[in-house]
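The numbers here are math on the coordinates, done by the rules we state, and not lab data. All figures in this text were calculated on a predicted structure; none of them were measured in a lab. Counting neighbours? That spans all protein chains shown, and the Cβs are built from the backbone with ideal geometry, glycine included.
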Amino acid sequence: MSFRSERTMTALAGSLAIALTLTACGGSDSESSAEPAPSSDTPVTVQAGFIPVIDVAALYLGDEQGFFADRGIDLEVQTGQGGAALVPPVVSGEYQFAFSNMVSVLTARARGLPLQIIASGSSSTGEDGQDVSMIRVPEESDIQSAADLAGRRVSVNTLNNLLQMLGDVAVDADGGNPDDVEYVELPFPDAVAALDGGEIDAMVTAEPFDTIAAGTGTRVISTPYLEMSADPLTTSVYFSSEQQLNEDPELFQAIVEAINESLEYAQAHPDEVRAQLSTFTQIDPAVIEQVTLPTYDPEIPEESVQTFIDTAKEFGIVEGTVSYDDLVWSGPEN
Amino acid sequence: MTLLDSAPPSVADPASPTPTRPRRAGSLRAPLVGIAVTLVLAELLPRAGLIGGDALPPLSSVVAELVRQLGDSTLWEALGQTMRTWAVGLVLAVTGGVVVGVLIGLAPVLRELTASTVEFLRPIPSVALIPAVILLFGTGYQSGVVLIVYAGFWQVLVQVLYGVQDIDPVAEETARSYHAGPWALVRHLVWPTALPFVFTGVRLAASVALVLAITGELVIGTPGIGSAIAVAQSSGATTVTFALVVLTGVLGVLVNVAFRAAERSLLSWHPSVRRAGGAR
């Protein structure tokens, strides 16, 4: 689960609010989703914005299996590098939905962006030492557990986002004070090198960079998702905008069903998920064989979302109020 | 940006001195030595293990990867997409900059009215506009074009303004006393005077346009070299990433060299080129 440059979600909210006001009249009527319920005779083109990470492999696979075509959806995938690239087109209606980690959507929603989660993207594995995000230190480091991170330099891909929250969770659960940790923002590839070179003391990883870091003489000191909850958590999601959801609930119901069928298929066929990775990423084949795949589970348990909301608030990642009902689309019945 | 700004002159300069200058051989040696040292360092530093992990692959493997990529049609497709964005954006930026520049430059009132606005808008980095640009223009190549036009327009505009200001007062008085019409004034006085400035603006805009074409693709994800770099980077494929980065550097050098050559041949009549052996 590597989320490059998601920082922008936060910075974005402000500039988007302005831009939204400016464009309030134009650009919001989406042409492609305006059509009525899709059928396989007249396919509806659906634009989706993905980040090129392991999690979205499930949808590439599901599309290849025809789960979208079966529902009259012609899925067109665009890739972007995080919130700055993916949120504006969803808000403007150019993209019908996009991929994000849970914390970024929470942050955006808390800041008033009209986004809603439509489906699960991926979940943590719930397995100690075998998760999609871990905290790693060099093999020879004197750091033994998360509490030892106090006063140390720890890298995250984006400050004040998911991985920093995971760092805080781990330190807190181990009896340390998260405020004493010095977080450094580094892109994953640079962080692996910095950890190896000793410029940072620890790294919060996300696949495939956990597997890559495992190959450069590092060891795991914490599996942070397990410190948040003993059960697997929904860690990434697909989201759309309230306006689009209201305009064409039937289309989105069909999209959600196709996503969920894709997730179930991906969960049952991990080898095919790995095979998909070489089609849209440049991950080294040796790494692809070893990466820890997330759990693909269509279910978005309310407790899971609530745990994220509570944790993000506790560590000051998200300000303001967000509720499960605000955040997760309840379907076309409403 | 720094790569594009600093590298090209060292490559382009050697060709520019006129034959009357005896320093030709000397001025050719310095950049070549510079390039050689850079190449050796790029090969040896990663091998010496000074940079951790595989973060910086040695130059030879980067070049090998680039050669392998060049045999792949997807790279050429991406290259074509990037260059299309670049070309469309550059043409629009230059056209807009020249037209608006001449208009503003010729009317002192307009010049005073717009001066502070231009100075306010000019430093805003195009990249900061990306979210708003996506909202208004979508995620296609048009957004890249908009970013390029925004950044390149000012480069050209400011140069044209300087150029128009550079008009010889005697020539202008002469033209006026011969009752030259506005069009004749622009065609025979303003344009020839401003042309070297225009070329400088175009050359600067061409480099900036390339940076923004690639940055736009990197951030927005519009297909092209930039999005290929983004995918390679988020996959941890450092050699591929650097191969593509080297390719963008080469593109930058080529663009600069081409525009300098065009400048020299088209402005060979102009005193600034005849005298200095290169545009200002």
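Points worth noting:
- When the Cα convex hull of segment B:61-276 is projected onto planes of every orientation, the mean area is 14.3 nm².
- Cα centroid separation, segment A:102-122 to segment A:269-333 (Å): 11 Å
- Net charge of Cβ neighbours under 12 Å - reference B:Gly152; Lys, Arg +1; Asp, Glu -1: +2
- The angle between the Cα long axis of helix A:302-314 and the main principal axis of chain A comes to about 50°, on a 0 to 90 degree scale.
- Prolate/oblate/rounded call for segment A:99-169, Cα gyration tensor, a/c under 1.5 rounded: oblate
- Using C-alpha pairs under 8 Å with a sequence gap of at least 6, the mean separation divided by the residue count of segment B:145-255 gives a relative contact order of 28 percent.
- Relative contact order (percent, whole number), chain A, Cα cutoff 8 Å, 6+ residue spacing: 27 percent
- Calculated over the protein assembly as shown: convex hull of Cα atoms, volume per residue (Å³): 178 Å³
- Note on segment A:135-228: along the principal axes its Cα atoms extend 29, 26, 23 Å, ordered by decreasing extent.
- One chain, two ends: A:Asp179 and A:Thr42. Fully extended at 0.36 nm per residue, the span grows by 43.8 nm beyond their Cα-Cα distance.
- Pairwise centroid distance, computed over Cα atoms, of segment B:180-229 with segment A:129-179, Å: 47 Å
- For chain A, the square roots a ≥ b ≥ c of the C-alpha gyration tensor eigenvalues yield an a/c of 1.5 or more together with a/b exceeding b/c, which makes the shape prolate.
- All other residues whose Cβ lies under 11 angstrom from that of B:Pro223 are scored, Lys and Arg at +1 and Asp and Glu at -1, for a net of -1.
- Rounded tilt (10° steps) of A:8-22 against the dominant C-alpha axis of chain A: 30 degrees
- Among the residues of A:206-216, the average count of other protein chain beta-carbon atoms within 10 Å of the residue beta-carbon is 2.
- In degrees, nearest ten, helix A:162-173 long axis to first principal axis of chain A (Cα): 40 degrees
- Antiparallel bridge percentage (DSSP; both residues within chain A; nearest 5): 55 percent
- For residues of B:218-230, the mean tally of beta carbons on other chains within 10 Å: 4
- Loop-located GluC sites (Glu not before Pro) in segment A:120-165 whose Cβ has at most 11 other Cβ within 10 Å (DSSP): A:Glu139, A:Glu140
- Within 10 Å of each Cβ in A:267-278, the average number of Cβ atoms from other chains: 0
- Selected from B:Ala209, B:Phe259, A:Leu159, residue furthest toward positive end of dipole (the protein assembly as shown; charges at beta carbon): B:Phe259
- The GluC sites (Glu not before Pro) of segment A:270-302 that meet both conditions, a loop assignment by DSSP and at most 14 other Cβ atoms within 10 Å of the site Cβ, are A:Glu299.
- Cα gyration tensor shape for segment B:139-224, rounded if a/c is under 1.5, else prolate or oblate: prolate
- Exposure proxy ranking for A:Asp196, A:Asp168, based on other Cβ atoms within 10 angstrom of each Cβ and starting from the fewest, stands as A:Asp196, A:Asp168.
- Once divided by 2.2 N^0.38 Å, the Cα radius of gyration of segment A:164-205 becomes 1.20.
- Loop chymotrypsin sites (Phe, Trp or Tyr not before Pro), segment B:190-280 (other Cβ atoms within 10 Å of the site Cβ: 16 or fewer; DSSP): B:Trp269
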